1. Leaving out ligands and nucleic acids, and using a 1.4 Å probe, what accessible area per residue does the stretch 78-186 come to in Å²?
2. Applying 1/(1 + (r/R0)^6) with R0 = 25 Å to the Cβ-Cβ distance of residue 201 and residue 162, what FRET efficiency is obtained, to the nearest 0.05?
3. Using a 1.4 Å probe and counting only protein heavy atoms, arrange 170, 114, 23 so the residue with the most accessible area comes first.
4. To the nearest 500 deg cm²/dmol, what mean residue ellipticity at 222 nm is calculated for the chain from DSSP H runs of n ≥ 4 alone, each contributing -39,500 (n - 2.57), summed and divided by the residues?
5. Counting only protein heavy atoms and a 1.4 Å probe, tell me what percentage of the chain's accessible area is made up of carbon and sulfur.
6. Under 25 Å Cα-Cα from residue 59, which lysines qualify once same-chain neighbours fewer than 8 residues away are excluded?
7. Taking the alpha-carbon distance from residue 201 and a cut-off under 14 Å, which aspartates and glutamates remain once sequence neighbours fewer than 8 residues away in the same chain are dropped?
8. Between 38, 165, 75, where does the largest GNM mean-square fluctuation fall for the chain, given springs only between Cα atoms within less than 10 Å?
Amino acid sequence: MEKYIPVISFVGSSGSGKTTFLEQIIPVFIDKGYRIGAIKHDAHKFEIDKPGKDSYRLKQAGAEIVCISSAEKLALIQSCDNEYSVEELILKFFGNVDLVLTEGYKKSDLPKFEIYRSANNKPPLNFTNKELIGVVSDDKPDVDVRVFSFAEKDEVVSHILAIAAETSPEVVITGVEEKYQGPLKEYLTALATLTNVNKIKVKIDME
């Protein structure tokens, strides 16, 4: 990955409509020319490989990694001892997109929108979170960030793009020839996607 890729997480109680809202705003980004990556975080065990399928049979036979590939899609099923962090997933798999939207990761330090539906009769999750950048709601909650209705999809997209433009980090490298700075800046800028930093300074001492 050789660029800064903003990451925005959408959180909310079960049944609040997170997936539905993401499903509605992704086409808005695409119409504006952006390539979107999406990550669904599941805190529980899940199974996408069904018994009887060839990929399931190969995995059950003991293969550590099973890849299903066609001209239109590629799927990878891999055993892992520990859960990948969102940062590792983005660096590993999402280098060809312009923006990543995640559903979940409520405990992360990612910038967050909360989907809050009062009719759901469940309390909000992140109204006091310092990473909260917006709320989508059927109500008018008292929060310090902008509140959008479920119909304001274009406005939410514009809000995200404005924040993403503001948070692009500055990378400053000293002590090395300019011809070497490009690759270093690209790598460090990619890493800055994963933390709340505005500036990265690197000094290289040459003997």
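1. Details: 6220 Å² over 109 residues.
In whole numbers, the stretch 78-186 has 57 Å² accessible per residue.
2. It comes to 0.45.
3. Largest accessible area first, the residues go 23, 170, 114.
4. -8500 deg cm²/dmol
5. Numbers: 6570 of 13160 Å².
Here it works out to 50 percent.
6. Cα-Cα hits under 25 Å: 40, 45, 50, 73, 92.
7. 170, 186
8. 75
The values are calculated or read from the model by the stated rules, or taken from the named source; none is laboratory data. None of the values given here were measured: they were computed from a predicted structure. All Cβ positions, glycine included, derive from the backbone under ideal geometry; neighbour counts span all protein chains shown. When the accessible area is computed, the model is the full protein with side chains, heavy atoms only, and any ligands, DNA or RNA have been set aside. Shrake-Rupley method; radii C 1.70, N 1.55, O 1.52, S 1.80 Å.
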